Amino acid sequence: MKVGLVICGPDVAHGPLALLSGAFEEKVMKARRLGCDGVELMVRDPSQLDWERVKATLDAAQLGVPQIVTGELFGADGLCLATADDALHERTVARLRAVVDLGAFLGAIVNIGRVRGQLRFLGDRLDAWRVAVERLRGVAMYAAERGVRIAVEPLNRYETDFIFNAEEGKRMIEQLGMDNVGLMLDLFHMNIEDATIEDGLRTAGDRLWHVHIADSNRRYPGSGHLDFDRILRALRDMGYEGYLSGEMLPLPDADTAGERTVGFLKTLVQS
């Protein structure tokens, strides 16, 4: 398994769950010095990025980009797929296509979490779930044409009104019926919504493509009550070889949280 951190891309001034401080180049070099295998990029608008410079910076640090995080498309810009506002939906699709293009350029998975919207945003439509499936399918089809994988992220009940856990995530990808769609599971959300984290991971099975790490209090691992030894044992039993990537509250500060996360995960993976 590989170890990574979520950091802000050059177009995101502040990510509420991103780690490491400084300019983009500084964050990348800090991640390298900590011993990360890669960094996830939290982005908003790829048209504001110098793609070649971003890639050159990452290549120079010998860091991979396992995933592009889209949470701030919703959090900062209010974009979402499931909405009764047709113009907003069109803007969201256009932005997500740009993110997918960036994912193709960097060889990264594209995460779909909060940007999928909520069923209640569709009003009183009886077919809200079907609409959400079809809108996500449109993005996935565009991604498939470009060789990009999409990772749907279950979220806890306080942040969305559909796809809460691994079982519901599997239901979504089965209905989509596309080989380039899998799951990204976040331990913080799983601690709230899955019967057990280990069972949730096993439910995802070979569709588990990425894992976000945070402890029960959404701080760095070791600061809460999650049993990471059991979690890692379940992942090993599954044959999971992807990333364990830190996304959490940057407390006590972004650099300390990043350093403690990488140190904890390196020890865990190597044990």
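No value in this document is a laboratory result; all are computed from the given coordinates. Everything numeric in this text was worked out from a predicted model, so none of it was measured. Quick reminder, even Gly has a Cβ in these numbers, built from the backbone with ideal geometry, and neighbours come from all protein chains shown.
The table below gives the values:
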{"read-out": "For q = 0.07, 0.10 Å⁻¹, Debye-computed log10 I/I(0) when each Cα of the chain counts as one equal scatterer", "value": "-0.22, -0.46"}
{"read-out": "Residues residue 87 and residue 202, FRET efficiency given R0 of 51 Å [Cβ-Cβ distance, rounded to 0.05]", "value": "0.75"}
{"read-out": "FRET efficiency, residue 156 to residue 62 (Cβ-Cβ, R0 35 Å, nearest 0.05)", "value": "0.50"}
{"read-out": "Burial ordering of 80, 8, fewest other beta-carbon atoms within 10 Å first", "value": "80, 8"}
{"read-out": "Cβ-based exposure ranking for 235, 5, in which fewest neighbours within 10 Å come first", "value": "235, 5"}
{"read-out": "For segment 55-95 versus segment 132-207, the gap between their alpha-carbon centres in whole angstrom", "value": "17"}
{"read-out": "Relative contact order %, the chain, counting alpha carbon pairs below 8 Å whose residues are six or more apart", "value": "20"}
{"read-out": "Lys/Arg +1, Asp/Glu -1 at C-beta; the chain dipole; positive extreme among 172, 142, 240", "value": "240"}
{"read-out": "Given 27/266; 27/170; 30/170, the pairs whose alpha carbons are separated by over 27 Å", "value": "27/170; 30/170"}
{"read-out": "Of every Cα-Cα pair in segment 39-106, the percent that sits beyond 21 Å", "value": "28"}
{"read-out": "Cβ-placed point charges (K, R +1; D, E -1), dipole of segment 2-270 about Cα centre in debye, nearest 20", "value": "240"}
{"read-out": "Long-range HN-HN contacts of residue 109 with modeled amide H, under 5 Å", "value": "67, 68"}
{"read-out": "With at most 16 neighbouring Cβ atoms within 10 Å, loop trypsin sites (Lys or Arg not before Pro) (DSSP) excluded, longest segment of the chain", "value": "1-124"}
{"read-out": "Per residue convex hull volume, Cα atoms of segment 71-185, in Å³", "value": "93"}
{"read-out": "Rounded Å value of the spacing that divides the Cα centres of segment 219-271 and segment 1-51", "value": "17"}
